[in-house]
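A short worksheet on the structure shown next.
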Amino acid sequence: MILPIGPIHPGLKEPVRLKLKTQGEKVINAEIDFGYVHRGIERVIEGKTWQKGIYLSERVCGICSYIHTQTFAETFEKIAGERVPLRAQYLRSLTNELDRIQSHFIANSTYFKAIEHETLFMYMLHLREPIMDAIELLTGNRVNMGWNVVGGVRMDAEEKHLNSIYQIITNLEKEYDKYVEMFEEGPLLALRSKDVGKMSKKDAIKGRAVGPIGRGSGLKHDVREEHHTYKDEFDWKVIWRKEGDNFARTMNRFDEITESIKIIKQIIENIPSGDVRKKITIPAGYADWRNEAPRGELAYMAETNGNLIQNISIRTPSIMNIDVCGKYMLQDVATVADAVATYASVDPCVACAERVIILNEKGEKTEFDGLHKVKYLQ
Amino acid sequence: MLDALKDVVRKSSIHVCLINTGGCNGCDIEVVALLSPRYDLEQYGIYVHNNPREADVLLITGAVCEQWKENLQRIYSKAPEPKVVVAIGNCPLTGDVFNQEGSSVYAPVSDFIPVDAEIPGCPPRPAEILAAILAVGPDAIAAKGREKP
């Protein structure tokens, strides 16, 4: 029997359609259908200046909106061959880590909601709110921050605000372990999480899983290792686990929050003084840049003629992660409830994943068969 | 007498369905933030259920995308009367930054279904969303309920 779930469903936060092939209660395999939030952002950005493009790139995804602007800005800085001042690099990393913490909290809370553990769901949202305060204190907005520009950040952070953020982070650190322990040692939570939705390392490589999903399956890969600020300035390590089940993915996110707290403390303790923005002249050229978004590797490829953006291509981590979820995790899952929980554990962000729809002349969705046949809809 | 009783009951039990018609998720996570202990949506009798067949209030976020042109009307008709539609954020009102040449959005949402309340902002703060639901929800549902034969 084919069991359709979505696009609007109590278990899903975003419009996506899961088609589960079931045999009784057992899920044999699954298919995931997209196309409900395609807005055509890449097409809109083309032919605009970066000042107009950066706001659009921010609205690719509302949960990890920060990293999109940083990657966009760093792509254009790479075309110019320049790096931003050190204080701006520190402030960027600070916002990035705060954004990662809040994103991981909301991902884990969604997972706990999916396995019907209301208590931890509430605790996660409760821990998230002070982080949102910290982001608002620093940038002035809760979700779409408008914080990055090509050449640095929009405004400087005051000493008292940095101190308040340090206080918020210290408070979080104090009570954080209690909640992690609740998950790690809860017997019922383990029953719902351990050995559910397993993906081996081989499958993770084959399906190109990234971020906490790949790292939960033993793929030690974090693009922050290659980023100049993280490589040179901070002391941190990549979190990874071997199990490859729902428990490993959730635990991986918990441990990454601990690591982010460590980085934020280093940033606020060692932040240098100086400019936060410098003038950068962008020549004609092409560049690509990768950054570690909360969900994994985010890549921007952009081409400009010095003034207008000629071509831009955005690859978000959710595309690969949702794909491996359908292909490898949702095979022979014991129950439908576990299938929904597995889908939630992947931390799917559908708004991220909706880049392209391929239509034929009649306006029907078709398979992609070669770039030469593609024409833009006018 | 029975109507008056129904009004009282309905005022303090509102089921909400969140429909993302193609936004960036920003408004959706602000609705999720409303569930947190700080804002605590449920103390006002509001329950986010995400099931259109049980909903009193439909929260619409996002500019209307290709697939939603027909489906939005279908979901709206599935919600039982009386119902209220609240549009959250700039996207359902104007299409926000997406409403430009070359994009595939069909904002505003009021072209497809009647909208009772509009909350501008990108995204609006959680407290504003809560205030709008409370301002328009209970009274409108009670009033619309009375009109029915």
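In the stretch B:92-114, the residues that are on the phi > 0 side of the Ramachandran plot and within 14 Å of chain A (Cβ to nearest Cβ) form Cβ pairs under 8 Å with partners that are among the charged types (D, E, K, R) and assigned to a loop (DSSP other than H, G, I, E, B), at six or more places apart or across chains, as follows: B:Asp96/A:Arg59; B:Gly102/A:Glu46. Candidates A:Glu269, A:Glu225, A:Glu243: the one that is touching a Lys or Arg at 6+ places or on another chain (Cβ under 9 Å), of a type outside the set (Val, Ile, Thr) and assigned to a helix (DSSP H, G or I) is A:Glu225.
Residues in the stretch A:234-250 that are touching an Asp or Glu at 6+ places or on another chain (Cβ under 7 Å) and hydrophobic (A, V, I, L, M, F, W, C) were compared, and the one that is nearest to A:Ile271 (Cα to Cα) is A:Trp236. Hey, can you tell me all the residues within the stretch A:231-256 that are buried (at least 21 other Cβ atoms within 10 Å of the Cβ) and without any contact (Cβ under 8 Å) to a residue 60 or more places away in the chain? The answer is A:Gly244, A:Asp245, A:Phe247, A:Ala248, A:Asn252.
Among the residues of the stretch B:35-54, those that are touching a helix residue (DSSP H, G or I) at 6+ places or on another chain (Cβ under 9 Å) and either touching a residue at least 40 places away in the same chain (Cβ under 8 Å) or not in a helix (DSSP H, G or I) (or both) comprise B:Leu35, B:Ser36, B:Pro37, B:Arg38, B:Tyr39, B:Asp40, B:Leu41, B:Tyr44, B:Gly45, B:Ile46, B:Tyr47, B:Val48.
Which one of these is more than 10 Å from chain A (Cβ to nearest Cβ) and modelled with pLDDT of 90 or more: B:Ala79, B:Ala87, B:Ala4?
Result: B:Ala87 is the single residue among B:Ala79, B:Ala87, B:Ala4 that is more than 10 Å from chain A (Cβ to nearest Cβ) and modelled with pLDDT of 90 or more.
Pull up the stretch B:20-60, narrow it to residues that are under 24 Å from B:Val8 (Cβ atoms) and among the hydroxyl-bearing types (Ser, Thr, Tyr), then point me to the one that is farthest from the other protein chains (Cβ to nearest Cβ). This residue is B:Tyr44. For the stretch B:1-27, taking the residues that are part of a loop (DSSP other than H, G, I, E, B) and in contact with a Ser or Thr (Cβ under 8 Å, 6 or more places away or on another chain), the one that is nearest to B:Val136 (Cα to Cα) is identified as B:Thr21. One residue is enough: does the stretch A:305-312 have a residue meeting the conditions surrounded by fewer than 20 Cβ atoms within 10 Å (Cβ to Cβ), in contact (Cβ under 8 Å) with a residue 60 or more places away in the chain and on the phi > 0 side of the Ramachandran plot? No, every residue in the stretch A:305-312 fails to be surrounded by fewer than 20 Cβ atoms within 10 Å (Cβ to Cβ), in contact (Cβ under 8 Å) with a residue 60 or more places away in the chain and on the phi > 0 side of the Ramachandran plot. Screening A:Tyr123 on (1) in a helix (DSSP H, G or I); (2) more than 14 Å from chain B (Cβ to nearest Cβ) shows it passes everything except condition (2). The helices (runs of 4 or more DSSP H) located wholly in the stretch A:289-360 that include 1 or more residues which are within 14 Å of chain B (Cβ to nearest Cβ) and under 19 Å from A:Arg224 (Cβ atoms) occupy A:317-324, A:350-353. Of the residues making up the stretch A:65-84, at least one is at the interface with chain B (Cβ under 8 Å from one of its Cβ atoms) and either farther than 26 Å from B:Pro123 by Cβ or within 18 Å of the chain's Cα centre (by Cα) (or both). Of the listed requirements (1) outside any loop (DSSP other than H, G, I, E, B); (2) surrounded by fewer than 21 Cβ atoms within 10 Å (Cβ to Cβ), B:Val115 misses just one: (1).
Within 30 Å of A:Ser57 (Cβ to Cβ) and surrounded by fewer than 18 Cβ atoms within 10 Å (Cβ to Cβ): which single residue out of B:Gly95, B:Gly45, B:Gly89, B:Gly102 fits that description? Show your work before the answer.
Details: B:Gly95 fails: surrounded by fewer than 18 Cβ atoms within 10 Å (Cβ to Cβ); B:Gly45 fails: within 30 Å of A:Ser57 (Cβ to Cβ); B:Gly89 fails: surrounded by fewer than 18 Cβ atoms within 10 Å (Cβ to Cβ).
Result of the check over B:Gly95, B:Gly45, B:Gly89, B:Gly102: B:Gly102.
Just wondering, is there one or more residues in the stretch A:37-59 that are among the charged types (D, E, K, R), more than 8 Å from every other protein chain (Cβ to nearest Cβ), surrounded by fewer than 21 Cβ atoms within 10 Å (Cβ to Cβ) and within 19 Å of the chain's Cα centre (by Cα)? Looking through the stretch A:37-59, at least one residue is among the charged types (D, E, K, R), more than 8 Å from every other protein chain (Cβ to nearest Cβ), surrounded by fewer than 21 Cβ atoms within 10 Å (Cβ to Cβ) and within 19 Å of the chain's Cα centre (by Cα). Here the condition is being among the acidic types (Asp, Glu) and in a helix (DSSP H, G or I); of A:Glu82, A:Glu97, it holds for A:Glu97 alone.
If we scan the stretch A:142-156, do we find a residue that is in a loop (DSSP other than H, G, I, E, B), over 23 Å from the mean Cα position of the chain (by Cα), surrounded by fewer than 20 Cβ atoms within 10 Å (Cβ to Cβ) and on the phi < 0 side of the Ramachandran plot? Looking through the stretch A:142-156, at least one residue is in a loop (DSSP other than H, G, I, E, B), over 23 Å from the mean Cα position of the chain (by Cα), surrounded by fewer than 20 Cβ atoms within 10 Å (Cβ to Cβ) and on the phi < 0 side of the Ramachandran plot.
Per the conditions (1) among the hydroxyl-bearing types (Ser, Thr, Tyr); (2) over 26 Å from A:Arg92 (Cα atoms); (3) touching a residue at least 60 places away in the same chain (Cβ under 8 Å), the sole criterion not satisfied by A:Ser217 is (3).
Residues checked against (1) of a type in the set (Ser, Thr, Tyr); (2) within 30 Å of A:His117 (Cα to Cα); (3) in contact with a helix residue (DSSP H, G or I) (Cβ under 6 Å, 6 or more places away or on another chain):
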site	(1), (2), (3)
A:Ala134	no, yes, yes
A:Leu162	no, no, yes
A:Ile168	no, yes, yes
A:Asn171	no, yes, no
A:Met182	no, yes, no
A:Leu188	no, yes, no
A:Arg192	no, yes, no
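The values are calculated or read from the model by the stated rules, or taken from the named source; none is laboratory data. In this text, all values refer to a predicted model and were calculated from it rather than measured experimentally. FYI the Cβ positions are ideal-geometry reconstructions off the backbone, even for glycines, and counts take in every protein chain you see.
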